[in-house]
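Worksheet: the structure to be examined is printed underneath.
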Amino acid sequence: MRDFSEIKKIVVKVGTNLITRDNGIDEARVVDLCRQIAALRSKGYQVILVSSGAVGLGAKELGHGKKIAYNPLRQACAAIGNPILMSYYRKAFGIYDIICAQVLLTRRDLNNRTTYNNLRASVSTLLALGVVPVFNENDVVANTNEIGEIFGDNDRMSAMIASKIDADLLILLTDIDGVYTANPKSDANAVFIDEIEHVDREIMSYAKGAGSTFSTGGMRTKLMAAQIASMALCGTVIASGYERDSLIRILEGEKVGTYIHPEKKLTQRQRWIINNSHVGSIMVDSGAVKALKAKKSLLPSGVVGVVGVFEAGDVVAIMDTDGKVFAKAVPYFNSTDIALMKGLSTQEAAKAVSRAHIDCLFRPEDLVLTDAQSL
Ligand code: GLU
């Protein structure tokens, strides 16, 4: 048994494959999911649902059977599919006298303090009213041309939500019963893993390939999601939604699916930095890489170059001279000033940007080292 006795707030994510069939929604599956959520609610759990399926349902409504590569069409399908998806959730939750609500989110909404505060206020009001919020990425407006601006898949989005709201457990329900050493659908030697202490490179290497026709995730994004949740001291269970009463049994501590343990608790600010999409990058020399890893401040002399345009206070990626990102940070200066100061001593740098004095570009508390896999 797993000890989940302290768990109160959970985020449940369901994938497209789980709730759709060839000809549209799998209504029985949606009703079964809502039944289990109703049961959890009556036991006192707070539940937030993240549901994929809008793009797939929209495509089916239009008669498209193939994966959609053209983004505006994908966005159109999401616009068509979201109300269809919600109509089924509304009907199914209604059976259990539960009101549900739709929350469409972009990565920008989580990154921006004002929209995030609005989101937090509305979601806590919904939860206080006994409503189940159903989240999806707002694919209709999410801009795929701006790297880092989209979640891209609901696995990572659900983990970022779990991290933001300090959830105790993230449950990713999919069409496979957990993590294997290889894809069990194509490799007969694949071995099931029921517990993971740390998602390292080896674990990551077990997961290859992306999702199916209309979903964008796959095991890789699920493991990345588990890493994100883990940093917020939130465990993750990856399990099959086809298994009878999977949600209920997971919360009872039964060994259903793969459990990825929570690891370290980063502060909300550290999580905000690490989960934020960065608008630009600062390239630093090997001395600065060492200094930053040893929790020292960044001095102008360590800067080799600046990529992109950013303001003071934006989250930027920090990379070494090979272009490998190893940290994210919030500098006190904008990209123009940092470019003027690069390679200079603090005295010369102060002169270059017409300041009386400069200590550093950012301090250790403004920097979070990243795990290569989570970026
Ligand atoms: N937002 C997409 C949808 O609702 C799904 C993304 C994903 O597969 O994770 O269809």
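The values are calculated or read from the model by the stated rules, or taken from the named source; none is laboratory data. Owing to the predicted nature of the structure, the values given are computational and were not obtained by experimental measurement. Note: ideal-geometry Cβ built from the backbone for every residue, glycine included; neighbour counts use all protein chains shown. In case anyone asks, the SASA skips ligands and DNA or RNA and just uses the protein heavy atoms, side chains included. Shrake-Rupley method; radii C 1.70, N 1.55, O 1.52, S 1.80 Å.
Please identify the chymotrypsin sites (Phe, Trp or Tyr not before Pro) of segment 29-126 that satisfy two criteria: DSSP loop assignment and at most 10 other Cβ atoms within 10 Å. Which are they? Sites meeting the loop and neighbour criteria: Tyr70. Note on the chain: with charges restricted to the Cβ of Lys and Arg (+1) and Asp and Glu (-1), its dipole about the Cα centre is near 440 debye. Extension gain, Ala294 to Glu197: 0.36 nm times the residue separation minus the Cα-Cα distance gives 32.4 nm. Applying the Karplus relation 6.51 cos²θ - 1.76 cosθ + 1.60 with θ = phi - 60° to segment 278-289 yields 3J(HN,Hα) values of 8, 9, x, 9, 10, 9, 10, 7, 5, x, 5, 4 Hz, where x marks Gly and Pro. Extension gain for Lys351 to Ser286 (0.36 nm times residue separation, less C-alpha to C-alpha distance): 20.9 nm. Along the axis of the charge dipole computed for segment 222-298 (Cβ charges of +1 for Lys and Arg, -1 for Asp and Glu, origin at the Cα centre), the listed residues Gly257, Ser230, Ala294 are led at the positive end by Ala294.
Solvent-accessible area of the chain (1.4 angstrom probe, protein heavy atoms only): carbon and sulfur portion equals 51 percent. Under the combined filter of DSSP loop state and at most 11 neighbouring Cβ atoms within 10 Å, segment 206-314 retains these trypsin sites (Lys or Arg not before Pro): Arg244, Lys264, Lys295.
Amide H contacts of Leu169 (H built 1.01 Å from N, in plane; Pro and chain starts excluded): Lys9, Val11 sit under 5 Å, all sequence-distant by 5 or more or on other chains.
Excluding ligands, DNA and RNA, the accessible surface per residue across segment 53-179 is 44 Å² with a 1.4 Å probe. Toward the positive end of the charge dipole of the chain, with +1 on the Cβ of Lys and Arg and -1 on the Cβ of Asp and Glu, the farthest Cα among Gln270, Thr16, Phe326 is that of Gln270. Each Lys and Arg contributes +1 and each Asp and Glu -1, all at the Cβ; summed about the Cα centre of segment 13-165, the dipole is approximately 260 debye.
Between segment 272-294 and segment 39-82, the alpha-carbon centres lie 35 Å apart.
Once the 1.4 Å probe is applied to the protein heavy atoms, segment 260-340 comes out at 45 Å² accessible per residue. Net charge of the neighbourhood of Ile98, taken over other residues with C-beta under 13 Å away and scored Lys/Arg +1, Asp/Glu -1, is +3. In the chain, the DSSP beta bridges split such that about 40 percent are antiparallel, to the nearest 5.
A probe of 1.4 angstrom, applied to the heavy atoms of all protein chains, finds Asp168 with accessible area near 50 square angstrom. The long axis of helix 154-164 is offset from the longest Cα principal axis of the chain by roughly 70 degrees.
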